[in-house]
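The structure under discussion appears below in the form of structure tokens.
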Amino acid sequence: MSLNYQSVEDAELVTLAAEGRESAYRELLSRYERPVFSLIYRMVRNRTVAEDLAQEAFIRTFNAIDTYNPQYKFSSWIFKIANNLTIDHLRKRRVPTVSMHGAPDAVTPEAQARTSLVVQSHAESPEEYVQNRELAGQIEAAIGELREEYRVVVLLRHIEGHTYDEIARILDIPLGTVKTYLHRARAELKLRLAEA
Amino acid sequence: MNSDRSSHGRHLDDDAIQSLLDAVERRVDAETESARRHLADCRVCQARVDAWQEVFGELGQLRRFAPPGRFAERVLSGIELPGEAASPSRAWSWGRLRRWLSRTAADAHLSGRRLQDLADGALARKRATLARAHLATCTDCEDRLAGWRRLIATLEALPSFAPPAGFAERVMARWREMAEETTGRSRAARAWRLWPRSPRGWVLAGTLTGMPVAAFAAAAAFLSTVPQLTTGGLVTYLWWQARDALSALGSSVLAAVMQSGAAFRAYSLADYLIASPATAVAAAAGFTALMFSSIWVLHRNIGFPRFALRHVHS
Ligand SMILES: [Zn+2]
Ligand SMILES: [Zn+2]
């Protein structure tokens, strides 16, 4: 069956996916791999960890595709899953665990293996080289210094372009809190950029 | 430790906060300077300033009603204007009133929050109109608004990052692998469910398996106490007993079938079906439907690997 999936709406793609069409899953992946990875990457600021978390986010979304509620946007749903995973990860990382067997923030054995190599060699891996360049800018650094709650709101609003209501739903917080976080986050960014 | 103090001295009281907010546009003295230093480090007072700012913002946007004619004249004739010798308390209240009146004027500056919301298109239409009316007359606020607009534009121009090459392939492969694992795991889980979990379950399972074992053991123990019994004799005896029981069962079943007339009824039903093909077709259709629905129920409950079916579709 040759359908032009690019013109199909998200909600319909989800229905096709739930029916078992692998190409519908592939289309959802190609639509959301960039935004989901970008959000997680700017939250955890580590490419390897971001890839592992993004992969997990897609797998969880796909596994739960039968439970998708078409009342909400698919993008809100997948971002909610991605954000929950990211927050869980950041919370776990906050407990300082020093391990010789890989970075404490590596979420899978493979990631641990990869990061432990980096730790041992003390050399800059290609991934680190890329991410040091990507996140080195003044504004990226300022975003990185924001509290996680503020950071995710700024990213969802100004990089992913979600509405205030969507952000409230993704983060499970009241609309007023979304506004307050945005005000504070932007004020801090402005201050940091003025100082630099 | 006194809860009323932070590292930079006392918390600001409401008066201090209000004069601080006033001082944003007016003169700056030593007192407001120290209040600002405290504010920089104190989240408690920052939150209260935010709340006050919100109040001022609301007041700044109240509609002004024109008083009835000759209002000013009547007021002025009724009050005593404070002179040099006026009491300090009256001077204070007059100053406060004047300040409040100036606040309610449409030319009150816009708070940072207002400006941010305006820059982000998050202001309700009525408020946006009021804000724009002020902006048209105030280059100060206009500059601040431009600052927020620049920040938002900078954020919105940031690139999105592509995941490492082969990401989608890895996701699909990992997902397929997991789907197969889960199907395997759910079968094991179903078998696992039979395993007793509670003490009661263990008693039941123990009884069910223990009873036949105990019965057999008791029989063996009893037989071993009979000395004239040999193994060969026992086997022969059991064989005869079994053969008798089987033939008795067979003849009784046959007799029962014949006596109940079931065979006759089955014969007449077949005869009837042959006579009317429509009924026969309906019966066949019904039978087929039942077959398929039972297969479906089996499929739902045993759970064939779902991913294998997905491949067939795509
Ligand atoms: Zn304070
Ligand atoms: Zn102004």
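Here is how the numbers come out for the structure above:
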| item | result |
| --- | --- |
| Hits in the range A:182-196 - residues which are part of a helix (DSSP H, G or I) and aliphatic (A, V, I, L, M) | A:LEU182, A:ALA185, A:ALA187, A:LEU189, A:LEU191, A:LEU193, A:ALA194 |
| Filter pass, B:GLU156 being under 24 Å from A:ILE139 (Cβ atoms), at the interface with chain A (Cβ under 7 Å from one of its Cβ atoms) and among the acidic types (Asp, Glu) | yes |
| Checklist (1) free of Cβ contacts under 8 Å to residues at least 60 places away in the same chain; (2) out of contact with any Ser or Thr (no Cβ under 8 Å at 6 or more places or on another chain) applied to B:PHE161, failing item | (2) |
| Number of the condition not met by B:ALA278 [criteria: (1) modelled with pLDDT under 75; (2) loosely packed, with under 10 Cβ neighbours inside 10 Å] | (1) |
| So A:ALA24, is it more than 9 Å from chain B (Cβ to nearest Cβ) and either within 16 Å of B:ARG174 (Cα to Cα) or touching a Leu at 6+ places or on another chain (Cβ under 6 Å) (or both) | no |
| Of all residues in the range A:69-79 being assigned to a helix (DSSP H, G or I) and out of contact with any Lys or Arg (no Cβ under 7 Å at 6 or more places or on another chain), the one that is farthest from A:GLU9 (Cα to Cα) | A:PHE79 |
| Members of the range B:136-150 found to be basic (Lys, Arg) and either under 30 Å from A:GLN131 (Cβ atoms) or more than 16 Å from ligand 2 (Cβ to nearest atom) (or both), listed by number | B:ARG149, B:ARG150 |
| Subset of the range A:129-155 (residues that are within 18 Å of A:LEU182 (Cα to Cα) and in contact (Cβ under 8 Å) with a residue 60 or more places away in the chain) | A:GLU140, A:ILE143, A:GLY144, A:GLU148, A:ARG151, A:VAL152, A:LEU155 |
| Of all residues making up the range A:170-196, the number that are under 19 Å from A:SER76 (Cα atoms) and modelled with pLDDT under 95 | 0 |
| Only one of B:ALA108, B:ALA133, B:ALA153 that is within 15 Å of ligand 2 (Cβ to nearest atom), in a helix (DSSP H, G or I), aliphatic (A, V, I, L, M) and without any contact (Cβ under 8 Å) to a residue 60 or more places away in the chain | B:ALA133 |
| Residues within the range A:137-175 that are within 13 Å of chain B (Cβ to nearest Cβ) and assigned to a loop (DSSP other than H, G, I, E, B), tallied | 7 |
| Residues of the range B:111-130 classified as of a type outside the set (Val, Ile, Thr) and either within 16 Å of ligand 1 (Cβ to nearest atom) or part of a helix (DSSP H, G or I) (or both), total | 13 |
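For (1) at pLDDT below 80; (2) within 49 Å of the chain's Cα centre (by Cα); (3) assigned to a loop (DSSP other than H, G, I, E, B); (4) within 14 Å of chain A (Cβ to nearest Cβ), each residue gets a yes or a no:
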| residue | (1), (2), (3), (4) |
| --- | --- |
| B:PRO227 | yes, no, yes, no |
| B:ALA242 | no, no, no, no |
| B:LEU246 | no, no, no, no |
| B:TYR267 | yes, no, no, no |
| B:ALA285 | no, yes, no, no |
| B:THR288 | no, yes, no, no |
| B:ARG300 | yes, yes, no, yes |
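The values are calculated or read from the model by the stated rules, or taken from the named source; none is laboratory data. Quick caveat, the model's predicted, so the values are computed rather than measured. FYI the Cβ positions are ideal-geometry reconstructions off the backbone, even for glycines, and counts take in every protein chain you see.
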